[in-house]
Amino acid sequence: MRTEDDQWGITESVGVTALGVASGRAMETHRDDGLVHDPFAEAFVYAAADEIRLPARPEDVDELAADTQDAAAAGWREQSAYVGVRSRFFDEFLTAAVADGVRQVVLLAAGLDTRAQRLAWPEGTVVFEVDQTGVLDFKDEVLAEQEATDAGGGARRVEVRVDLRHDWPAAVRAAGFDPSRPTAWIAEGLLPYLPAQAEVDLFDRIGELSAPGSRIAVEHFGDAVADLWREDDSALASLSRRFGVDIRELFFADDRPDAARRLDALGWTVTGSSAVELAEAYGRPLDPSLGELHAAVRLLEARH
């Protein structure tokens, strides 16, 4: 069960979800029609395989299903498609931001995100990766083995080891963040893991740190979290068995303001699409069996 100040490594609690997302990116990378190419995702998955066995290639799914006698394991293919859609949305958001001259990027709860390494960055870009120490330590170890610790292109990668429920603005400032410069912020796979008040505080602090011309992209479930993770959800049960953690217990399902309305009230101009709409636009419709979940997810972009 989550607590207000819990901590974790990559194979426990919320950390395992970062591995799950890396699994999805790895599988997408091995598809001919994959929506994202991440040459490092597979290495993360295999580095943790002694503790948590997840697929990194499409053929791994059948092997896992046979070994575990878990028919629901096939759902990994559908879930990886959603990871591809989400990753593509945030990739395009960042690519557009730097094309417009933004040179400061903050990845909130960066997890095993490798955009610093795999995207083309203009000279002078700084990519701040904010997350807990245990997660970033694992990430650095694997990237070092892949000889990929530095950012790509003309970017500089800066890790900020801090919990987003703590005073993270002070930590990013101490790491060199400049609030007078326009910033591109990402909140991907983050909000359900924060208590409601921490989510409110997060948007308030982002607003205070954002110069004119800043923008933010957000994956938002809202109050649907409590309804989506039902007791009889076989896909969720399969995920929980694979991770060794009850996924339902990782979320804070307390009531919270709608993210779009909150950003609007703080002076941002907000647009957004559902995950289902984006999947259709990308030519990778999501499986109808997961439609209820994905229809509830909105991917928002806001400009300051």
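Details
- With contacts taken as Cα pairs under 8 Å at a separation of at least 6 residues, the range 125-176 carries a relative contact order of 49 percent.
- Listed peptides 54-64, 21-31 appear in the order 21-31, 54-64 once ranked by packing, highest mean of other Cβ atoms within 10 Å at the front.
- Coupling constants for the range 113-125 follow from the phi torsions by the Karplus curve (6.51 cos²θ - 1.76 cosθ + 1.60, θ = phi - 60°), and in residue order they are 4, 10, 4, 4, 8, 9, 8, 8, 10, x, 4, x, 6 Hz; glycine and proline get x.
- For the range 23-166, accessible area per residue (1.4 Å probe, heavy atoms of protein chains only), Å²: 39
- Apportionment of accessible area to carbon and sulfur, the range 80-235, percent (1.4 Å): 46
- Packing, taken as the mean count of other beta carbons within 10 Å per residue, orders the peptides 158-164, 144-150 from highest to lowest as 158-164, 144-150.
- With R₀ fixed at 25 Å, the C-beta to C-beta distance from Arg57 to Ser273 puts the FRET efficiency at about 0.25.
- FRET efficiency estimate (nearest 0.05) - Cβ-Cβ, Asp32 to Glu280, R0 22 angstrom: 0.70
The values are calculated or read from the model by the stated rules, or taken from the named source; none is laboratory data. Small disclaimer: the values here were computed from a predicted structure and weren't measured. Every residue, glycine among them, receives a Cβ derived from its backbone with ideal geometry; neighbour counts consider all protein chains shown. Note: accessible area is taken over every heavy atom of the protein model, side chains too, but ligands, DNA and RNA are not part of it. Shrake-Rupley method; radii C 1.70, N 1.55, O 1.52, S 1.80 Å.
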